[in-house]
1. Tell me, ASP103, ASP194, ASP290 in order of fewest to most beta-carbon neighbours within 10 Å?
2. Ranked by Cβ crowding within 10 angstrom, fewest neighbours first, how are ILE128, ILE82 ordered?
3. Just to verify a number: FRET efficiency for HIS203 and ARG57, C-beta to C-beta distance, R0 = 41 Å, to 0.05?
4. If I model a spin label as a point 7 Å beyond the Cα along the Cα-Cβ vector, how far apart are those points for GLN336 and ARG150 in nm?
5. For the residues TYR217, TYR78, what sequence is obtained by ranking on other C-beta atoms within 10 Å, fewest first?
6. Contour minus end-to-end for HIS5 and SER260, with contour as 0.36 nm per residue of separation and end-to-end as the Cα-Cα distance?
7. Pulled fully out, how much extra length does the chain show between ALA64 and ALA281, if you take 0.36 nm times their separation in residues and subtract their Cα-Cα distance?
8. When the chain is fully extended, how far beyond the present Cα-Cα distance does GLN74 get from ASP108, taking 0.36 nm per residue of separation?
Amino acid sequence: MKLNHDLHLAYCTNIHRAETWPETLAALREFSLAVRDRVCPGKPYAVGLRLSDLASRELSQPAALLEFRRWLDQNNCYIFTINGFPYGQFHGRRVKEQVYRPDWTSDDRVNYTNRLFDLLGQLVPPGIEGSVSTVPGSFKEFITTDDQLRRIRANIFRCVEHIASVSARTGRRLHLGLEPEPLGLLETTDETLDFFDRLRAGHPDDSRLAEFLGVNYDTCHLAVEFEDPAGSLARLRRHGVKISKLHLSSALKLRPAPESLAALAAFANDTWLHQVVSRAADGKLTRHKDLDAALAAPKSPAEEWRVHFHIPLHSPPAAWFDNTTDHLLGVLDVLQADPRLCSHLEMETYTWEVLPPELKSRSVVGQLSAEYDWCLKALRARGLA
């Protein structure tokens, strides 16, 4: 939906099981329209589209794309962003670190992302920017050689060249957002700035990097890294890094007391990675690849844990856990001070299927509607909606 200051808000449809284009469209019809009718009936409704590689190929067929454009018009919906992080199946099987494959060392990742921009250039309405979010280069443990890093930079630049071409051809302002994530190749602000420095060094004075490439700032991911939102965003902006999109999401945080750890075990599952970053009393950070590894490791009651598990925005703190809403609200405070920071806001709580029962007390449409209510309340308090 369109907010004040030409901001746009959507929920990411990666919450729904949909790997083919017919499945994706069916989910939009069943769920997205039901959410629209609750949160903004009669007004233009933004869809945060997730397309797998297969779905993007199917939608690229002229008849399918024409049908979808007509569907959007008929239902007063529009597209401004596409989640291009998960390439393949994202629900119903073990995903874990394979969500990063193919990574940016691969032509498959380049071709998939370019195809998303080809589609976005034909879907985003005039006068609205279009964004695609993507993996932060790769997963750290996949990268063992300098040659892989060079291929990542070269392939991302190939994509930037393609985005520039599509933007010129369609008259749309399009950009790609690398999404820092715990244990991704880029997971902290420092690593992100270093990556942009190295990429720019290979293409000095090429203004296309600043215009068509940026960061998808996920408030869950950077909170798990114990980053300060105002400080991180200020450093990215001083460095000339575009904020392509803001993912509005919240993580778990807790003290590793016995009762907390016993309850936390319910969040471990075999679908997605739930990276854990713990901070000791002296500020030292320790990273665990997944929740089961963290639960098995020695613990100190002085630690604070942050867990990469997206929980509903409206979930209040419980007896044994808190959330990282303070980081999300800190980002919105920065946006209030300068609404030009970023025009794309996307709620991304894709974990519906694996939420413990106490956080899953309503239908998926009910949960998404409650997230809109929570988010719009926070935005209105800051004059942004």
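1. ASP194, ASP290, ASP103
2. Final ranking by Cβ density, sparse to dense: ILE128, ILE82.
3. 0.85
4. 4.9
5. TYR78, TYR217
6. The HIS5-SER260 span can extend by a further 87.6 nm.
7. Length difference between fully extended and current span is 72.5 nm.
8. Gain in length upon complete extension: 8.9 nm.
Values quoted throughout were computed directly from the atomic coordinates according to the rules given, and no laboratory measurement underlies them. No experiment lies behind these values; they were computed from the predicted model shown. Note that each Cβ is placed from the backbone with ideal geometry, even for glycine, and that neighbours are counted across all protein chains shown.
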